[in-house]
Amino acid sequence: MNDDNGLLRDNAARFAEQSAGLGLLGRKPFNGAQRKAWLEALAAGAWTGLRASEDIGGMGLSCLELTVVLEQFGRKLLPISAPLLASAGLLNAGVPHADAVLEGHATVLPALQSAGLRPAPGHGSKLEEAEGGFRLTGSKHAIPDGAQAQGFIVDVKLGRDLALVYLPHDAAQLEVTSTALVDGHASADLVFNNVLVAPSQIMARGAQAEALLDRLRFAVQIGLAAESVGAAAEVFDRTLDYMRTRRQFGRSLGAFQALQHRAVDAYADIEMSRALVSEAGRLADRGRPGMLELIAAARARAGEMALRVGKWAVQMHGAMGFTDESDIGLFLKRIMVLTRVYRTTQAHRTRIADSLFEDDAPDLFDLFRSESEEDAAFRREVRAFFDATLPAHLCDLPTRPKMADAMWWHETLAKRGWIAPAWPKEHGGMDASVEQRLILFEESAHKGAPELSSQAISHIGPILIRFGTPEQKATYLPAMLSGEAVWCQGYSEPNSGSDLASLSTRARREGDSFIINGQKIWTTGGHHADFMFALVRTNPDAADRRQGISMILIDMKSKGVRRRPIRTIAGEEEFAEVFFDDVEVPAANIVLGVDQGWMLANTLLEAERMMSSSPQKVIVMLDRVKRVALQTGACDDPAFRDRLASTYIDALAFQAMFTSVLAAVRAGERAGPRASILKILNAEVSQALGDLMLEASGSLGMAVEPMMAGGRKVSVGLSFLQVRRQTIYGGTSEIQRNILAKRVLDLGNEPKRGA
């Protein structure tokens, strides 16, 4: 969010806070006096002209700016504003009530919703030529606060064309019925009984009408999604406060780990939805193919998320949450309405499900990509090189390649100069931009290139470049680049996995050496590695156990090192157990300094979580699921398509969040706790796709050998097994939830007894 949008958000928040004092909360029906006061306040703040063109006195702001404002409105349960502000964006000086709308004396609302899950534009209403103009028949449904509107913008069919019609509320033969809603407001249904429409009331037809309708629908849908995010965020914040202060069994509710994890899930749910809504808003005004689908995905996810969070909030408040004395129920009621108007969230998900297997469906992930010509040329170069160089038998492997194959591919990339894109040139790297690094990663995943060990290039290499001595850099970096030396990471121990600070491997100082005794486990590639960077306890008497840990570089050929490979459920000898019996290591192999290991480990883990969370592998896995479903016919099952659509929408939200975090990192910020969110999301979306692939494969998923689907190999069973590791390595998902609960949500930080 740039400075201008931050200012806009703060102004909208102040307005929303002030307007909440108008008595707009939905314990009683929304009455005429409240509506009048609300519209006057809206106009006084110039919010009525947010989307209106400057030609008629509006601000003409973007869809992204609309989402910024409406999230704040949603936080205070202000009357649903998306349709009102969106319709103002289509008004012009020739439309009746345009001036009155901007002045807060009238409302003009979109009348777009028809019956059914899959209505096409114009469905439910038709214009036919008649004496004096046209006659309108049909109906529109569920227009929030529509009974008091002074006019409507209606999408209709006019022959084979689409048309937009302006219809005043007092038009003859227009029947308006009102239905009370659970949030204290009301919706209107319109029935057109041969309503006479003058030619001047047709705002546009044909291609112009389609363009205007897209603009209207974009703003309505993305605005409703933003209001849903705002309502969920507010109810979440209130529930967090309750969990911090409400005490049960001598502790705050937030001290119970089960409740902490549910709160973290709600938090991540909101952040994912906010990211998708913001990215959809940012892209909406560009009008690229696929925008309606992307906005449908944002609307579906925001609405379903808001319902989940609202229900969770009621549960966390217990009996109080079920009473009318608590505002929590009011938010749940509003969320119910937000997910029903202008097509339900289910209807939007159905739209996504229907588009999943269409041949000409746009790739929505492409919408997030904005490449310079230089970057696009680099992508073409990388793709051509991979196509020409990588043999078919090394593509689409479900597990890591054999060591000889892995080193061949490492050396091939090293000769091309692409093995260390993030390293500075002075150390033999590419010094590549963030965009170029992503291109290499994305094209590697797209091609199904073999997974290489990242321990040297992505982990200890950058640590040594930043913190190592000149001697350490000269000794170790060249062999990392060339592939002559394979590295492994020594963190976990049999009794110190997730609780890494409890590690017990000791390093005792003797002269110019450290003597190491202990054991490491789950060491990826440890049975092949030439070197290990390990965390060891150098000060067992430190008051804080994290302060007595150092990082040390160990030659795995040293006397006293023993290793045993460990086979995974996917049939791969991926890990090793490593034993150290009086292993002598030069003191010069300590990185940065004695007892600095915990800081180095956290620096490395944050980078690992960020780098391992690129959405590209999720995108590739999604493509594999679709190919398997087409091969087996699972794509014809509506229930399967619906489940896949839900996961697809989550993948889009994950892409949006990764895009936003990446932008922050580019701007010089640390990923920080957001790296933990990304790791959780990446792992769990990947596992959901693995489940769907297994489901789609039928009996073929039992086979060890890969199946052919869409002209490429897919190892269904092994892929399903392999993704189980993603919620475990690099810090389990449960540990990430603990980190977020304590450091971000401030839950469970109980004062010590006697303090």
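Nothing in this text is a laboratory measurement; each read-out follows from the coordinates by a stated rule. Given the structure is predicted, the values throughout are model-derived calculations rather than measurements. Here the Cβ is made from the backbone with ideal geometry for all residues, glycine too, and neighbour counts use every protein chain on show.
Numbers for the structure displayed
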| read-out | value |
| --- | --- |
| Spatial separation of Cα centroids for the range 685-755 and the range 434-501, in angstrom | 22 |
| Above-threshold pairs, the threshold being 26 Å between Cα atoms, out of K520/K559; K402/K557; K425/K557; K36/K333 | K425/K557 |
| Whole-number percent relative contact order across the chain, with pairs defined as alpha carbons under 8 Å at least 6 apart | 10 |
| Derived scalar couplings ³J(HN,Hα) [the range 195-201; Karplus, 6.51 cos²θ - 1.76 cosθ + 1.60; whole Hz; x for Gly, Pro] | 6, 6, 10, 6, x, 5, 7 |
| For C488, residues with placed amide H under 5 Å, excluding near neighbours | F531, M532, F533 |
| Of the trypsin sites (Lys or Arg not before Pro) in the range 219-278, those whose Cβ has at most 16 other Cβ within 10 Å and which sit in DSSP loop | R246 |
| Taking K559, K617 and counting other C-beta atoms within 10 Å, the order from fewest to most | K559, K617 |
| Cross-link reach list, aspartates and glutamates versus K140, counting only Cα pairs under 19 Å and skipping chain neighbours closer than eight places | E128, D155, D161, D170, E175, D189, E210, D214 |
| Reduced Cα scattering model of the range 281-376, Debye log10 I(q)/I(0), q = 0.15, 0.16, 0.18, 0.23 Å⁻¹ | -0.72, -0.77, -0.87, -1.11 |
| Restricting the range 222-329 to GluC sites (Glu not before Pro) in coil, as DSSP defines it, with at most 14 other Cβ within 10 Å | E325 |
| Under the Debye formula (equal points on every Cα, no solvent term), log10 I(q)/I(0) of the range 7-147 at q = 0.08, 0.15 Å⁻¹ | -0.26, -0.84 |
| Helix 403-416 axis, angle to the chain major axis (alpha carbon atoms, nearest 10°) | 70 |
| Scattering profile of the chain at q = 0.08 Å⁻¹ [log10 I(q)/I(0), Debye over alpha-carbon scatterers] | -0.75 |
| Options V235, L338, L253, ranked by Cα towards positive dipole end of the range 211-340, top entry (Cβ charges) | L253 |
| Ranked packing of 340-348, 494-502, 723-731, 106-114, most packed first, by mean Cβ within 10 Å | 106-114, 340-348, 723-731, 494-502 |
| Where trypsin sites (Lys or Arg not before Pro) fall in DSSP loop in the range 76-163, at most 14 other Cβ within 10 Å | R160 |
| Whole-Å distance, taken between Cα centres, linking the range 267-310 and the range 193-228 | 21 |
| From phi via Karplus (6.51, -1.76, 1.60), per-residue ³J(HN,Hα) for the range 327-332 in Hz, x at Gly/Pro | 6, 4, x, 5, 5, 4 |
| Theoretical ellipticity at 222 nm over the chain - DSSP helices of four or more residues, -39500 (n - 2.57) apiece, nearest 500 | -15000 deg cm²/dmol |
| Percent of Cα-Cα distances greater than 18 Å, calculated over the range 465-605 | 54 |
| Radius of gyration and maximum dimension Dmax of the range 612-743, Cα, Å | 16.1, 50 |
| Reachable lysines, given that their alpha-carbon falls under 21 Å from the alpha-carbon of K679 and they are not under 8 places away in the same chain | K617, K742 |
| Rule-of-thumb Rg ratio for the range 373-452 [Cα; 2.2 N^0.38 Å; N residues] | 1.08 |
| Cβ-based exposure ranking for M693, M621, M708, M336, in which fewest neighbours within 10 Å come first | M708, M336, M621, M693 |
